Structure formats: structure tokens, C-alpha cells
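K.L.:
Sharing a structure, written as C-alpha cells. Questions coming.
What follows is calculated from the coordinates using simple rules that are stated; it is not laboratory data. Since the model is a prediction, treat every value here as computed from it, not as a measurement. Methodologically, a virtual Cβ is constructed for each residue, glycine included, from the backbone with ideal geometry; neighbour enumeration extends over all protein chains shown.
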Amino acid sequence: MANIKSAIKRAKITEKQNLRNRMAKSALKTSIRRFDEALAADDSEAVQRTYVNAVSMVDQAASKHIIHKNAANRKKAQLAKKLPVTQ
């Protein structure tokens, strides 16, 4: 453990930020999992709703630097690829 006051403060701040980032990443994974579950259930309304939510969560995570912007784009492309084609 650090002895210098500023280092102790940085450690506390880092711990808080780490917790916040883990919560956001977990919420992101949950929204993607809900999209996959809606696909499996074959509920077109739920698929659209959860897709929009998942893409929004991915964008938020990228904007807050929780995930890299290229990783966000890759996740969005994977989600879009799973979407059923509607005509």
C-alpha cells in the first residue's frame, strides 16, 4: 500500500473507477445477452427493441472509453449481422 497521501488518493479513485467500469461492462454484456435471448425466442418486436438497446449500450461504452471504439464497431456489426432480414 502507498504511503504518500496523493498515491493513496489515486488508489481510491482508481478503485472507484474500476468498479464503475466493471458495472458498465457487465450491463453491456447483459444487453447483448438479452438480444440473443430475444433472437432465440423468435419475438420480432423484442428483437428490435433489444437490438436498439444493445447498440446504444455499446456506443455509450465506447464513448466512455470502457471498450475501444474498434471493438464497439465490431460488436455492432456482429449484432447487425444477427438481425433477421425483414422485407
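K.L.:
Are there trypsin sites (Lys or Arg not before Pro) in segment 45-75 that DSSP puts in a loop and that have at most 16 other Cβ atoms within 10 Å, and which ones?
P.N.:
Counting only loop positions with at most 16 other Cβ atoms within 10 Å, the trypsin sites (Lys or Arg not before Pro) in segment 45-75 are 64.
K.L.:
For each of 58, 85, count neighbouring Cβ atoms within 10 Å of the residue's Cβ, then give the residues from fewest to most.
P.N.:
85, 58
K.L.:
Right, something else. For the chain, modelled as a Gaussian network with Cα springs under 10 Å, which listed residue fluctuates most, 29, 16, 76?
P.N.:
The residue that fluctuates most here is 16.
K.L.:
Would you please state the base-10 log of I(q)/I(0) at q = 0.12, 0.19 1/Å for the chain, with intensities from the Debye formula using one equal scatterer on every alpha carbon?
P.N.:
-0.46, -0.83
K.L.:
Among 11, 63, 80, which residue has its Cα furthest toward the positive end of the charge dipole of the chain, with +1 on Lys/Arg Cβ and -1 on Asp/Glu Cβ?
P.N.:
Working it through, the farthest residue towards the positive pole turns out to be 11.
K.L.:
To the nearest 0.05, what FRET efficiency results for residue 44 and residue 16 with a Förster distance of 41 Å applied to their C-beta separation?
P.N.:
0.50
K.L.:
Before rounding to the nearest 500, sum -39500 (n - 2.57) across all DSSP H runs of length at least 4 in the chain and divide by the residue total; then give [θ] at 222 nm in deg cm²/dmol.
P.N.:
Result for the chain: -28500 deg cm²/dmol, rounded to the nearest 500.
K.L.:
Taking the Cα centre of the chain as origin, sum charge times position over the Cβ atoms of Lys and Arg (+1) and Asp and Glu (-1), and report the length of that vector in debye to the nearest 20.
P.N.:
With only Lys, Arg, Asp and Glu charged at Cβ, the dipole is about 800 debye.
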